[in-house]
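Some notes on the structure that comes next.
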Amino acid sequence: MDLVEGCKIFISVAEGGSVTDGASIAGIAQPVASRRLTALEAELGGKLFDRHGRGVSLTPFGNELLAPARRLVRLAEEMLIDASRALLSPVTLGLPASCFPLDLARLAAKSISSGINVEPVLLSPERRAGALSERQIRAAVLAVPASEARWQVPLGVAGKHVANRIPASGLRMSDLRGSRSNSGLASYSGSRVLVLPEDDVPHVRGILLRAGDRGGVLPNQISIANSDAVAAALAMTENHLLLCGKSEAKKFELDWAPLRDPELIRGYKIAATSGADVEIFHELTDEIANCLGYEND
């Protein structure tokens, strides 16, 4: 039987003084109220009411159980309220701090229309992983090697005049060492490669540093930027190169060219504190991909 519904009619009959009045208070038919009371008494193992004439009175057994019945009904109602609040609470999703506001707005709008209510939380790669591990957020897009990735974003270099100075085949790190016979590449001799905080991860930073070492690039020519804005500003105003994805270069209004040596990939996958939370993001795959700069060529 439904114990909560049985307790509700038990309380209503006790307050109304008769099964008929109790059914009216509960908003159900009198025969239904009678069946529920009978089932509740069978479940509890004793009579709750003495029936006399058209009314009823509590038995000693019923009098003992009235307060617990009220507590049970109150707890059930509180649980339903808590469930409603939980359904309305946002699903926090850790995303790269480099995501552009318009892409985030489109993600949030699609989530609202899908009834999901995703709340983006912008964090560095390390902090996204830590916040998910500590359950400070419910899900996160994690930075991973390309072999583990759901989304892959090829990285290249962006700058003021990259289109005119770097061949379409791309840039080698060795092109930044000393003077080159190619007049375009010569202008980048000694230039710095600015690495965004989002790429300050071993599977990107480590590969880049090793390639630079092989190519004879000085250690100070590869540097981790403090922020995306500062790095983009240096690429706009000075002869430096910004390591980024093609879509980021477009948004910063910079020319972009691929890297030939090394070939670098930003890899991403989604993880959550529960499998059910992973499932809810299936409808938002395209919007998440746009936030990450993924281009499905």
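When region 122-139 is filtered for residues that are within 15 Å of Ser89 (Cα to Cα) and open to solvent by less than 30 Å² (accessible area, probe 1.4 Å), the ones remaining, listed by number, are Ile137, Ala139.
One line per residue, one yes/no per condition, for (1) out of contact with any Asp or Glu (no Cβ under 7 Å at 6 or more places or on another chain); (2) of a type outside the set (A, V, I, L, M):
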residue: Arg165; (1), (2): yes, yes
residue: Ser169; (1), (2): yes, yes
residue: Ile207; (1), (2): yes, no
residue: Gln221; (1), (2): yes, yes
residue: Ile224; (1), (2): no, no
residue: Ser227; (1), (2): yes, yes
residue: Leu243; (1), (2): no, no
residue: Lys250; (1), (2): yes, yes
residue: Ala257; (1), (2): yes, no
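Scanning region 54-91 for residues that are open to solvent by less than 90 Å² (accessible area, probe 1.4 Å) and either of a type in the set (Gly, Ala, Ser) or closer than 25 Å to Gly115 by Cα (or both) yields a count of 15.
Take Gly267 and decide whether it is of a type in the set (Gly, Ala, Ser), in contact (Cβ under 8 Å) with a residue 40 or more places away in the chain and surrounded by 14 or more Cβ atoms within 10 Å (Cβ to Cβ). Spelling it out, Gly267 is indeed of a type in the set (Gly, Ala, Ser), in contact (Cβ under 8 Å) with a residue 40 or more places away in the chain and surrounded by 14 or more Cβ atoms within 10 Å (Cβ to Cβ).
Residues Glu148, Glu238, Glu198, Glu253: which one is under 18 Å from Ala97 (Cβ atoms) and of a type outside the set (A, V, I, L, M, F, W, C)?
So the residue among Glu148, Glu238, Glu198, Glu253 that is under 18 Å from Ala97 (Cβ atoms) and of a type outside the set (A, V, I, L, M, F, W, C) is Glu198.
Considering Ala39, Ala23, which residue is in contact with a Gly (Cβ under 9 Å, 6 or more places away or on another chain) and closer than 15 Å to Ala69 by Cα?
Result: Ala39 is the single residue among Ala39, Ala23 that is in contact with a Gly (Cβ under 9 Å, 6 or more places away or on another chain) and closer than 15 Å to Ala69 by Cα.
Restricted to region 31-51, and to residues that are open to solvent by 80 Å² or more (accessible area, probe 1.4 Å) and touching a Ser or Thr at 6+ places or on another chain (Cβ under 9 Å), which residue is farthest from Arg74 (Cα to Cα)? Across region 31-51, the extreme among qualifying residues is Arg51. For region 144-181, what are the residues that are open to solvent by 30 Å² or more (accessible area, probe 1.4 Å) and in contact with a Pro (Cβ under 7 Å, 6 or more places away or on another chain)? Across region 144-181, the qualifying residue is only Pro154.
Residues in region 110-121 that are surrounded by fewer than 16 Cβ atoms within 10 Å (Cβ to Cβ) and within 14 Å of the chain's Cα centre (by Cα): Ile112, Asn117, Glu119. Scanning region 182-196 for residues that are modelled with pLDDT of 85 or more and open to solvent by less than 10 Å² (accessible area, probe 1.4 Å) turns up Val193, Leu194, Val195, Leu196. Highlighted here are the strands (runs of 3 or more DSSP E) found entirely within region 1-112 that include at least 3 residues which are modelled with pLDDT of 95 or more: 91-96.
Looking only at residues in region 270-297 that are among the β-branched types (Val, Ile, Thr), part of a helix (DSSP H, G or I) and touching a residue at least 60 places away in the same chain (Cβ under 8 Å), the one that is least open to solvent (accessible area, probe 1.4 Å) is Ile288. Residues in region 129-170 that are assigned to a loop (DSSP other than H, G, I, E, B), closer than 21 Å to Val195 by Cα and touching a helix residue (DSSP H, G or I) at 6+ places or on another chain (Cβ under 6 Å): Pro145 alone. Please verify whether region 131-148 includes one or more residues that are touching a Phe, Trp or Tyr at 6+ places or on another chain (Cβ under 9 Å), within 21 Å of Glu248 (Cβ to Cβ) and free of Cβ contacts under 8 Å to residues at least 60 places away in the same chain. No, region 131-148 contains no residue that is touching a Phe, Trp or Tyr at 6+ places or on another chain (Cβ under 9 Å), within 21 Å of Glu248 (Cβ to Cβ) and free of Cβ contacts under 8 Å to residues at least 60 places away in the same chain. If we scan region 235-244, do we find a residue that is farther than 24 Å from Asn164 by Cα and of a type in the set (D, E, K, R)? Within region 235-244 (the criterion being farther than 24 Å from Asn164 by Cα and of a type in the set (D, E, K, R)), the answer is no, since none of the residues qualifies.
The values are calculated or read from the model by the stated rules, or taken from the named source; none is laboratory data. The structure presented is a predicted model; accordingly, all values stated were derived computationally and were not measured. Virtual Cβ from ideal backbone geometry, glycine too; neighbours counted across all protein chains shown. Just so you know, the surface numbers come from the protein's heavy atoms only, side chains and all, with ligands and any DNA or RNA stripped out. Shrake-Rupley method; radii C 1.70, N 1.55, O 1.52, S 1.80 Å.
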